[in-house]
Structures are given as C-alpha cells and as structure tokens.
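Remarks on the structure that follows.
The values are calculated or read from the model by the stated rules, or taken from the named source; none is laboratory data. The shown structure was predicted, so the numbers you read here are calculated from the model rather than taken from an experiment. Virtual Cβ from ideal backbone geometry, glycine too; neighbours counted across all protein chains shown. Heads up: the accessible areas ignore ligands, DNA and RNA and are worked out on the full protein's heavy atoms, side chains in. Shrake-Rupley method; radii C 1.70, N 1.55, O 1.52, S 1.80 Å.
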Amino acid sequence: MTQQHDAQTPPFRFRTPPGWPTPSAEWVALHQLAVPGPQWTPVPGVPTAPAGWRFWQADRRAFRAAMPAAARRLVAVGGVGVGLLALGIVLAVVLTASDAPAVFALVPLALGAALWVVPCVRWWDLAATTERALAAESAARRSGAVLEHARAARPDLRADQVIAAWTAAAWGVETAAPLEAPAVRSARPVSAAGFLRASRTATGVTVVLAAVALVVGAGAGVAPVAVRALDTGQTIARGMQDGAGGDAPDTAAPFTSDDGTVTVTEDDDAWDDTCGTTPGDGGCWTWQVTSTKTCNLEVTIGFADTLTGDDTRTVRRTVQVSKDRPLYIAEPGDEDYSGIEATTCATALPHRLVTGESDDPIADSEWPEGCDASGCVGWVLHPEADCTDASVQFLVDDSDGPLEDPHDLVVSAELHAGDPVTVVAGGVPDDDGTASIVQVTCAVTGGAPADPSALG
C-alpha cells in the first residue's frame with residue numbers, strides 16, 4: 001500500500017535535469033543537497049539545467065526517519081490538540097442545542113488550538129534544522145569518502161585521476177566533471193516542498209473552525225456549528241479543491257517526475273468539466289498530467305487522514321499519455337489529504353478489460369447534474385469481468401470551457417461482469433463535441449489489484 005524504505009534510503013532524491021545522465025546511488029548519497037552553479041554540467045555537450053531547476057526533492061518517509069525523536073513527540077502533542085479541538089467543537093454544539101451556556105467549551109477549544117498550532121510551527125523549525133544538519137553531514141563525508149572509495153577501486157592512479165575516474169563511473173560516462181562544493185542554496189528549505197502548503201492549509205482550517213466554535217460558545221444561542229463541510233468539489237488535498245465556484249483556495253504543489261518528463265498538477269479550473277460531471281456527491285480531485293513523451297504511464301495517488309501520517313489508501317492507475325497532450329484524471333475520494341506519490345512509464349502494455357458497447361438509451365436520472373452545464377457524451381458498457389475500480393479513458397475533441405483541445409479524460413467506474421454500466425465523458429458540447437473510449441483498465445488499490453483476475 002505504501003512504498004517501503006530501508007535504512008540506507010537518502011532523505012533527498014536527486015532530480016535529474018532533462019538531457020542529463022542519471023548519477024549512481026552512491027553519488028546521490030554523498031552529494032545530498034549539493035547544488036551546482038547555473039553553468040555546470042556533469043558531462044560535456046549536455047544542456048545546462050533549466051533556470052530555477054529544483055535539484056533535490058525530499059523523500060517524505062526517509063526524511064521523517066532522519067528527524068530526531070522530538071519530531072515524533074511534537075506530532076503526538078499535535079494529535080492531542082486536534083482531539084481537544086474536536087471535543088470543544090462537539091461540546092459547543094451539544095451545549096448550544098440544549099440551551100446550556102456554551103462558554104464551557106472555550107477551555108478545550110483554546111487548549112486544543114495551542115497544542116496543535118505550536119507543535120506544528122516547532123515541527124517545521126525542526127525540519128529546517130534537520131535539513132541543514134544533513135547537508136553539512138553530507139559535505140563532511142563527501143570530502144573524504146569520494147577519494148577513499150575511488151582509491152579502493154583504482155589504487156594505481158593519482159588523487160585527481162582517481163576522483164575523475166570515480167566521478168565518470170558515477171555518471172556512467174567516460175568523462176565527467178566533479179561537483180566539488182555546493183553553490184548557492186535556495187532560501188526555502190527543500191523539505192518544505194510537498195509539505196508546507198498542506199501545513200498552512202490544515203493550520204488555517206483548524207484556526208477557522210476554532211474561531212467559529214468560539215463565536216458560537218460566546219453567543220450561547222446561535223445555530224449549531226458546522227463541524228465540517230466537504231461537499232462535492234470541496235476536499236482538502238494539499239489545498240481545498242473548490243468545484244462549486246467562488247474564490248479558489250491554494251492547491252497542491254506540482255509533482256514532477258525524476259527525469260523531468262512528466263508533470264502532474266491539481267487543476268481547479270478544470271473541475272467542472274471533469275469531477276463535476278462524475279456521478280455521486282463525494283469528494284473528488286482533478287489532476288492534470290502533461291508529458292514530453294508518449295507512454296503507458298502508471299500514476300500512483302496517495303490518500304491520508306492526517307497531514308504527516310502514512311497513507312491510508314493508494315490508487316495506481318495506468319493511463320495512455322501522449323506527448324504534449326494534456327490528460328485529466330477525475331479521482332474520487334473522501335479523505336482529507338491527497339497527493340501524487342509517483343509516476344512511471346510502464347515497460348509492458350497494460351491489461352485492457354473487454355467491455356462491449358450497446359445502443360441502449362441512457363435514462364435522464366443516470367446523467368450527472370454537471371452535464372447540464374458542461375455537456376456530456378455517454379456510453380452503456382457491458383463488461384466481461386469484475387473490477388471494483390476501473391479506469392475509463394476517453395479522447396475528447398472540440399471541448400468547451402477551460403480544457404485544452406484535444407485532451408484525454410480518465411474517470412473511475414465500478415464494473416460487474418454481465419451488468420450494464422453507464423460511463424460519461426464531460427466537457428463535450430452537444431453541437432460539435434466528439435469523444436471516444438481509448439481503453440478501460442483495472443486500477444490497483446491499496447497495494448493489491450482491485451480484481452486480480454481482471455489484470456491478467
């Protein structure tokens with residue numbers, strides 16, 4: 001369900017710029033957070049890194065494992081604070097509903113807010129301190145370890161020749177330039193990427209909820225507090241996704257693959273034509289995938305109930321991504337947090353489910369409400385195998401609204417052998433829009449196939 005890390009996993013992964021060879025694991029371990037100058041390249045003839053390129057990305061589990069024990073204590077204290085906040089909110093609602101003085105709820109609310117916000121701030125300070133310590137430790141080890149390891153392999157060479165030979169081997173080429181020392185580092189900690197936005201959002205939501213409950217408690221006579229509002233299109237996913245209109249809040253930071261060819265972003269503007277045209281009233285995220293190459297891409301999406309806890313669920317979808325053509329994934333889920341865990345171009349073709357189509361009419365009740373505004377095209381499928389979470393991919397052309405034309409759209413559907421099911425592609429105007437089914441594959445959920453027999 002979640003990716004496993006051993007004790008040797010470095011806290012930071014090297015993000016190889018486009019056109020560069022991939023360095024060895026030993027080079028990455030000895031150069032943690034070392035940032036080259038803007039004109040440096042490891043191999044002659046390769047392009048320099050794009051301006052503003054982020055060379056390092058924190059491995060969340062390995063980085064948390066590298067933090068001192070005080071970080072785990074802060075997380076535990078924060079959990080106590082969340083519990084007290086929840087108790088205070090429930091107490092305020094109960095006291096108000098029973099016409100009792102809700103002011104008694106102020107104590108757990110105030111104490112819970114303090115026990116959540118203060119450890120959260122101190123945890124991030126500790127993360128920044130840990131990052132600086134890891135960078136210094138890596139630099140200290142690098143000064144002697146490179147020469148020691150290189151001499152062990154080539155004792156017949158001089159020191160400079162030994163280092164040059166080791167560096168070339170690390171990059172898998174005949175000649176490579178050593179990275180002697182890190183250049184200027186970003187003022188923003190690398191470990192903040194993927195965490196900081198979610199932390200600010202969670203803290204802001206907590207403070208707002210506490211403030212609302214405090215007002216209710218002080219008034220002691222107003223309507224009950226709305227404990228949580230997660231309507232369709234409003235789900236905390238490293239930022240609140242708002243598909244119902246209004247001011248769009250912060251969204252998740254973009255995810256970029258290690259080789260820089262695939263980028264995944266959370267797209268609020270596309271919500272109405274993707275998640276907004278899916279059935280049901282649960283939470284949903286819209287992810288836009290762009291790629292500089294065509295491949296069968298495995299996209300792993302993680303879900304969690306807390307900001308820093310382990311994944312409670314993962315979904316791995318295999319989609320057919322085309323070079324420079326955007327692909328949108330409408331991913332359902334009612335968890336509080338979600339993010340892209342990994343993307344991988346599969347070496348083997350995915351197993352596609354056999355789903356016959358029919359001309360059976362689609363009842364008005366089966367069209368999602370969002371189709372009235374966005375326009376939809378629907379199909380009635382007759383699957384030959386069960387799959388509790390199928391990925392149905394469409395190619396949409398002449399779309400309306402904010403989506404690029406043409407584009408791919410992936411939606412989730414539950415399939416049962418022999419039972420007809422309606423699938424819908426949104427964002428297709430009735431007058432000139434066209435759409436077709438590209439493929440139907442079975443997603444892998446929670447580390448095991450949704451239906452092993454359907455995967456082949």
Open item on the list: Among the listed residues P38, P101, P108, identify the single one that is more than 29 Å from the chain's Cα centre (by Cα) and either among the hydrophobic types (A, V, I, L, M, F, W, C) or open to solvent by 50 Å² or more (accessible area, probe 1.4 Å) (or both).
Closed with: P101
Open item on the list: Considering only residues that are without any contact (Cβ under 8 Å) to a residue 24 or more places away in the chain and of a type in the set (D, E, K, R), which ones fall in the range 69-108?
Closed with: R72, R73
- [ ] Could you tell me which residue of the range 390-407 is modelled with the highest pLDDT, considering only residues that are farther than 14 Å from E331 by Cα, of a type outside the set (A, V, I, L, M, F, W, C) and surrounded by 21 or more Cβ atoms within 10 Å (Cβ to Cβ)?
- [x] H407
TODO: Enumerate the pairs (first residue in the range 159-184 and on the phi > 0 side of the Ramachandran plot and at pLDDT 85 or above; second residue anywhere and part of a loop (DSSP other than H, G, I, E, B) and exposed (fewer than 15 other Cβ atoms within 10 Å of the Cβ)) with beta-carbon separation below 6 Å, excluding pairs fewer than 6 apart on the same chain, so at least 6 apart or on different chains.
DONE: G172/P21
- [ ] Among what's in the range 266-282 and is modelled with pLDDT under 85 and either within 16 Å of S412 (Cβ to Cβ) or aliphatic (A, V, I, L, M) (or both), pick the residue that is nearest to the chain's Cα centre (by Cα).
- [x] G282
Open item on the list: Within the range 328-342, does at least one residue satisfy the condition of being surrounded by 22 or more Cβ atoms within 10 Å (Cβ to Cβ), more than 16 Å from the chain's Cα centre (by Cα), small (G, A, S) and in a strand (DSSP E or B)?
Closed with: no
Open item on the list: Could you check the range 14-28 and list, in sequence order, the residues that are in contact (Cβ under 8 Å) with a residue 40 or more places away in the chain, of a type outside the set (S, T, N, Q) and within 20 Å of I163 (Cα to Cα)?
Closed with: P21, P23, E26, W27
- [ ] Report, by residue number, each residue of the range 120-144 that is polar (S, T, N, Q), within 23 Å of A159 (Cα to Cα) and open to solvent by 20 Å² or more (accessible area, probe 1.4 Å).
- [x] S143
Open item on the list: Restricting to the range 287-309, name every residue that is modelled with pLDDT under 90 and either farther than 24 Å from V423 by Cβ or in contact with a helix residue (DSSP H, G or I) (Cβ under 7 Å, 6 or more places away or on another chain) (or both).
Closed with: G302, A304, D305, T306, L307, T308, G309
TODO: Please find, within the range 363-389, the residue that is surrounded by the most Cβ atoms within 10 Å (Cβ to Cβ) out of those that are closer than 15 Å to R352 by Cα and within 27 Å of the chain's Cα centre (by Cα).
DONE: C387
Open item on the list: For the range 335-350, give me the residue count where each residue is touching a residue at least 12 places away in the same chain (Cβ under 8 Å), of a type outside the set (A, V, I, L, M) and under 22 Å from S291 (Cα atoms).
Closed with: 7
Open item on the list: So, in the range 296-322, exactly how many residues are open to solvent by 10 Å² or more (accessible area, probe 1.4 Å) and either under 22 Å from L349 (Cβ atoms) or in a loop (DSSP other than H, G, I, E, B) (or both)?
Closed with: 15
Task: Matching residues in the range 343-362 - criterion: being surrounded by 19 or more Cβ atoms within 10 Å (Cβ to Cβ) and either farther than 19 Å from G418 by Cβ or within 23 Å of the chain's Cα centre (by Cα) (or both) - done: T343, P350
